Amino acid sequence: MNLSRKTLLYSSIISVIIVSLIVGYFILMLPSLYVAHMQDRNYDSIVELQEGFMKAGSYENLEVKNPTGTLTIEIPLSGNSFYVVNKFFQITVDVQDQNLRDMLEKLRYYAKHKDKIKDIKEDDFKLNEIKDELLINKQLSDNYPLKFEFELYKNGSVFQEISSKIHIETEDLMIYETNVTDGHNYYTSYIAMGLTNEAIDISFLPIMTPRMEEIRPVVFQSLPMIVAVALLLVLVSSQVFSRLIIHPIIKLANHAEYMKEAKSLKLEPITITGHDEISSLGESLNGLYQKIQESYQELEIKNSYLAEENKRQEVFLRASSHQLKTPITAALLLVQGMISEVGKYKDVKVYLPQVKQQIQSMQKIVEDILYLNHCSENLEMELLSLPELMEECINSYHIQIEEKRLHITTEGQIPPLESDRELLKKILDNLLSNAIYYTPEGGNINISYEKHKLSIINYGVTIDEELLPHVFEPFVTSANARRQNMTSDNKMNKAHGLGLYVVSYYAKFLHYQVKLHNIDHGVMAELILRKVSSADFS
């Protein structure tokens, strides 16, 4: 099952649960909430009615909950009259009976002295006597055209009180609430009693209390429509929402498949709009692709470097093996001639030094080969003083300098640098030996230091321009160089051609740069000591 169907299925299950909760709410909770709400509204109605009447003294502009059954009795604080008022009429009642007048005075007294209400006696208000006196058949004259006879049924006490309570709203306003039932219906009656500066206001509001059984049929009739609309809305919204979720996921999956099938990692990043988890996943994938591209490019650079290094070492080993043949052959011929005492080779004292020289030449080649393979695995970085290291190299060539009567000068300053001592010394030794070897007798060599550069200039010599691009290749010697003040029998042809190649190799390994070029009346070798990238050597 694909993700879209799963989302739809889960949404449908959730929809059924939600609709069930809604239906349960409508059936079980809504009726009781409605009844409680209507009771609160009825209570607020009598409070608003009483407060409005106490303020205005009439029903004008007042909203009445039950206008036909609501009335207010206004009893002035003086006089023998009171008023019966509702939305439709106002009746002025003049009290003639002295007993009723006495009761009005008592009512006024207790209204003004609320703290005395607890002292009210049952005989203060003889309600039964008042009821008998107010019967119409006793009050009307004998010649009244209508005759009334009142008869009380035995079921007059059918109403049963359920509850009653008194609400004290303010110091001058009290609400009496009573709930009764006749066995079939429920009724709530509110009697609000308030005192103003001019009168006592008593308002009556009878209300039929709503029942939950009255609301439930309406709810049941509405349930089919409610369920249908709820299910439709939930399912449609779930389908739309699932599509919104699935679309970017499909886009991510297609992009991943495209990445898998692509022959190159140089791909455009995927774009996912929004700020949700899926867009975060898209950004993470873009970051992952970018990281893979960078790692792949870095790996390609390293592979290219290793391939170049392997090729360089292979060429170097092959060429050095071939180069070893010459001194080996020469040494063997000299030794064989001395052993056989052939001609001039009888003079052992003359030719043994030559044999030694050939062996030392071979030793130099072998040492360069071995150290070339050894240096890459045994770097020991330390803080070095370049002038001191150069001074050690100069001292090692003391005899050659004196024999050729060379003049070496140094100038400038350079801060200490962190490097491998042996590799750096190899570089300095080769550059200095080349300068000493090719400088004519009595010549000058100048060594200058700058912030990130060492320069060695040997005067009285130049290099063919055609040879300059190849001086750092293995076994390229200056045999083809045009040197001033040098004879053809000079020893320059005895160099094995590895010096500048070794210098270039060690410099690259330390991320330095070596340059060699002609200047006026001389050759300048520069060693740039700042860290450079591999692109600087291309």
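Computed values, structure above
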{"item": "Residue in the range 320-340 that is loosely packed, with under 11 Cβ neighbours inside 10 Å and at pLDDT 75 or above present", "result": "yes"}
{"item": "Criterion (modelled with pLDDT under 65 and in contact with an Asp or Glu (Cβ under 8 Å, 6 or more places away or on another chain)) met by exactly one of Asn480, Asn490", "result": "Asn480"}
{"item": "Any chance Lys154 is under 60 Å from the mean Cα position of the chain (by Cα) and either at pLDDT 75 or above or not β-branched (Val, Ile, Thr) (or both)", "result": "no"}
{"item": "Where Ser448 falls short, out of the listed (1) in contact with a helix residue (DSSP H, G or I) (Cβ under 9 Å, 6 or more places away or on another chain); (2) surrounded by fewer than 18 Cβ atoms within 10 Å (Cβ to Cβ)", "result": "(1)"}
{"item": "Where a residue in the range 518-529 is within 14 Å of Ser448 (Cα to Cα) and its partner, wherever it lies, is in a loop (DSSP other than H, G, I, E, B), with Cβ under 7 Å and at least six apart", "result": "Val523/Val461; Val523/Thr462; Val523/Ile463; Leu527/Tyr512; Ile528/His452; Ile528/Tyr512; Leu529/His452; Leu529/Tyr512"}
{"item": "The listed residue being exposed (fewer than 15 other Cβ atoms within 10 Å of the Cβ), more than 47 Å from the chain's Cα centre (by Cα) and not basic (Lys, Arg), out of Ser81, Ser45, Ser20", "result": "Ser81"}
{"item": "Lone qualifier among Val219, Val227 - being surrounded by 15 or more Cβ atoms within 10 Å (Cβ to Cβ), among the hydrophobic types (A, V, I, L, M, F, W, C), modelled with pLDDT under 75 and not assigned by TED's automatic domain parsing to the domain that holds Met38", "result": "Val219"}
{"item": "Pick from the range 194-229, criterion among the aliphatic types (A, V, I, L, M) and without any contact (Cβ under 8 Å) to a residue 60 or more places away in the chain, ranking: farthest from Phe53 (Cα to Cα)", "result": "Ala228"}
{"item": "The range 177-195, residues that are crowded, with 16+ Cβ neighbours inside 10 Å and out of contact with any Ser or Thr (no Cβ under 7 Å at 6 or more places or on another chain)", "result": "Val180, Tyr190, Ile191, Met193, Gly194, Leu195"}
{"item": "Options Ile120, Ile202: the member that is among the β-branched types (Val, Ile, Thr), at pLDDT below 70 and surrounded by 10 or more Cβ atoms within 10 Å (Cβ to Cβ)", "result": "Ile120"}
{"item": "Matching entry among Glu418, Glu466, Glu422 (being among the charged types (D, E, K, R), under 30 Å from Lys311 (Cα atoms) and in contact with a strand residue (DSSP E or B) (Cβ under 6 Å, 6 or more places away or on another chain))", "result": "Glu418"}
{"item": "Where Ile436 falls short, out of the listed (1) part of a loop (DSSP other than H, G, I, E, B); (2) touching a Leu at 6+ places or on another chain (Cβ under 8 Å); (3) not polar (S, T, N, Q)", "result": "(1)"}
{"item": "Residue list for the range 507-524, restricted to those being over 17 Å from Asn430 (Cβ atoms) and either buried (at least 20 other Cβ atoms within 10 Å of the Cβ) or among the aliphatic types (A, V, I, L, M) (or both)", "result": "Ile519"}
{"item": "The range 230-246 residues that are closer than 18 Å to Leu281 by Cβ, paired with ones that are of a type in the set (Val, Ile, Thr) and at pLDDT below 75 (beta carbon under 8 Å, 6 or more apart)", "result": "Phe241/Thr7; Ser242/Thr7; Ile245/Thr7; Ile245/Ile278; Ile246/Thr7"}
{"item": "Given (1) touching an Asp or Glu at 6+ places or on another chain (Cβ under 8 Å); (2) under 24 Å from Met381 (Cα atoms), index of the condition Ile447 fails", "result": "(2)"}
{"item": "Residue under evaluation Lys106, criteria (1) loosely packed, with under 12 Cβ neighbours inside 10 Å; (2) in a helix (DSSP H, G or I); (3) at pLDDT 75 or above, criterion not met", "result": "(1)"}
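The values are calculated or read from the model by the stated rules, or taken from the named source; none is laboratory data. Here the structure is a predicted model, which means the values were calculated and not measured. In this analysis, Cβ positions are derived from the backbone assuming ideal geometry, glycine residues included, and neighbour counts consider all displayed protein chains.
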